[in-house]
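Working notes, structure below.
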C-alpha cells in the first residue's frame, strides 16, 4: 500500500471562498426575509431579544423541536467522526457513535421534563442553579457554561475548517474568522427566532446530501453499486488495510480500541451536553406539554445521521483505498482531522462530491455554531449582565447586550480556534479530552435538575474537585504510558479515557458524598396556591418565600396551598418586563405524570436497545457479518434515514400548515390590497 499522503484538494481556493461566502450571504438574506415576514404577519411584531427567543418559542411544536435537535446536534464532528470510526473499526463505528449520542438526547428528555415541571421561567441552566442554590453556585456554573461553549465551538471550527482547507485549498486561518463572522451576521440581522427556520433549512439539505451519497454508493456507482459488492471489497481490504478489530475484519463489531474510543466519546459528549447552554436551549424553549415528545422524536431521528454517514462514507473510504478512486492511503493526520468522509465523497461523486461535502459541513458547522453563539449570548446577557451588573435591565438593554455577546463570542471563538490550530490540536484531540475538562460539572448539574436533595455546598465544590482530579489523572496516565506529555501522547485513547472517568466519577462521587455530609439549610415556604375561581388545572401565584411554623403550615395546607421545603440559598427568578410569567408548576399533576413516564420509558428502552442489546450482543459474539446480513444491515439504514427525514422535514410542515396558509393568504391580501392587515 502506498504511504504518500492523499491529496484531497479538487476545488480551487476561489471555489471555497465563493461557496462559504455565498452561502453566508444567502442565509443572511433568508434571515432578513423571514424577519420581515415575522414582523408583519407573526403573532409578535418584533422578535430579536434573547428573552423573547425563550418566551415566545414555547409555542414550538414537537416536529420543529426534533428538527432543531437534529440540526444543532448534527455538528461537524457527528458527520466526520462517525465516518472515521467506521473507517478505523468497521461496522461497529456507526453503531457506537449513534448509541452514545442517542443516549444523551434521551437522557435530556428527562431533564426537559424536570425543567418544564419546576423551572419553566429559567432562560439558562445557570439560572436553574441560581434558583435552587444561590449566587456562588451560579457563578461556578456560568463559568463552566462559557468554557464549554468555547471548547465545543472550537471542535466545530476544527472539523469544519479542516474540511474547507483540505478540499478547496482555502486558507484555514481565514476560515476560522469567516465562519463565526457569517454566523454572527445572520443571527443579528435576521433575529433569533429565524434561527429555528434556519435549522430547518439545514436539516433539509442534510438529508438531501445523505440520500445523494447513499443512492450513489449502493445503487449507481460502477465500482460499488450494491451492499454485496461493498462487502466483497471490504473483505478484500482486510489483508492489506485491516480494520482495528477482531481479525482485522470490517464486518465485526468486536474491537477493543473501538469500544474504548466509544466510551471516550460517550463521556466527552455526556459532559459537553450537560454544561452547554446550547443543548439546554431546546428544552427551555419549548411547550411544557410537548418538550419530552420533541426530544424523543429528535433522538430517534438523530441516530440515523451518524448511522447512515458511517455506513456509507466511512466504509466506502476503506473499501476504495488503494483503487484508482482513492489511490493512496490517508495519513494519520488526515484521519484525525476527520477527512475520511470527504475522501469517500470525492471518490463517489468527484468535484460534485467535494462541493456537497463543503456545503454539508458548512451547514452543520453554522447550525451548531449559531446554537453555541446564542447560548453564549444568553449566558452573558442573563447570567452576567442581568444577574450582577443591571438586575433591572430593560428589554432594549438586554437586546443590545445579547448582540454584544454574539460579537464577543465570535471573536473569542475565532481566536481560540487559531491558537488550537497553531499548536496542533485537532478535532480528534478535542473530542477525546472533552470529558476530562468538562466532566466535573456534569453529574452535579444532573443532580441539580433531578435530585431536589442535592446540597449547595456539594454543587459548588464538586465540579472543582472533578476538574482538578481529572486533569491530574490525565497527565499522570499520559506520563506513565508514553513517557512524555505532548499533544500526541495526551490524545491517546487510554490516557484520555482515564482523565474522563476520573473527572466524571469524582464529580459524581463528591456531589453525593457532600450532600449527605453538608446538607442544605431548609425553610418551609408557600410556593403557589390554587385560585378558588380558576379551573382545577390552573395555578396562580400565591405567597412566595413565606417562612412557616407548625401552625402556619397547617393553615396553608387547609387553604390548598402548595407548601414545600426550599433551600435557604435559593434565589427567585423574576420575569423580565413584558415577559409572561409562567407558574412554577407549569404542568398539571396528570401532565407531569404522563411526561415523566414517557421520558423514563424512552430512556430505559433506548439505552437497553441502542447501548446494550444491539452493540454488545454483536461485540460479545464476535459475529462476522455475512453478505446477506450486511445487505439487511444497509436496508435498515435506508429505512431509518427515511423515517428520520419524515420526522424532521415533513412533520414540521404538517404541524405548521395552518400558520403557513394564513401567511400565504395574508400576503395575497396585501398584494391585492383587498384587506388592510392588523399591523396597520
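The values are calculated or read from the model by the stated rules, or taken from the named source; none is laboratory data. Predicted, not measured: the structure shown is a model, and the values here were computed from it. Every residue, glycine among them, receives a Cβ derived from its backbone with ideal geometry; neighbour counts consider all protein chains shown.
A few remarks follow.
- Within region 169-183, considering residues that are closer than 19 Å to residue 71 by Cβ and surrounded by 24 or more Cβ atoms within 10 Å (Cβ to Cβ), the one modelled with the lowest pLDDT: 183
- Matching entry among 228, 239 (being in the same structural domain as residue 314 (by TED's automatic domain parsing), touching a residue at least 24 places away in the same chain (Cβ under 8 Å) and either surrounded by fewer than 16 Cβ atoms within 10 Å (Cβ to Cβ) or part of a helix (DSSP H, G or I) (or both)): 228
- Residue check: residue 245 meets all listed conditions (1) closer than 30 Å to residue 423 by Cβ; (2) touching a strand residue (DSSP E or B) at 6+ places or on another chain (Cβ under 6 Å); (3) surrounded by 24 or more Cβ atoms within 10 Å (Cβ to Cβ) but one, namely (1).
- If the condition is being surrounded by fewer than 16 Cβ atoms within 10 Å (Cβ to Cβ), under 20 Å from residue 310 (Cα atoms) and in contact (Cβ under 8 Å) with a residue 24 or more places away in the chain, then region 599-621 contributes only 614.
- Residues that are modelled with pLDDT of 85 or more and buried (at least 16 other Cβ atoms within 10 Å of the Cβ), drawn from region 409-435: 409, 410, 412, 413, 414, 416, 417, 418, 420, 421
- Test: residue in region 340-362 that is closer than 18 Å to residue 241 by Cβ and under 20 Å from the mean Cα position of the chain (by Cα): no
- Note on region 327-373: residues that are surrounded by fewer than 20 Cβ atoms within 10 Å (Cβ to Cβ) and outside any helix (DSSP H, G or I) amount to 5.
- Residue 137, sole failed condition from (1) over 17 Å from the mean Cα position of the chain (by Cα); (2) surrounded by fewer than 21 Cβ atoms within 10 Å (Cβ to Cβ); (3) on the phi < 0 side of the Ramachandran plot: (2)
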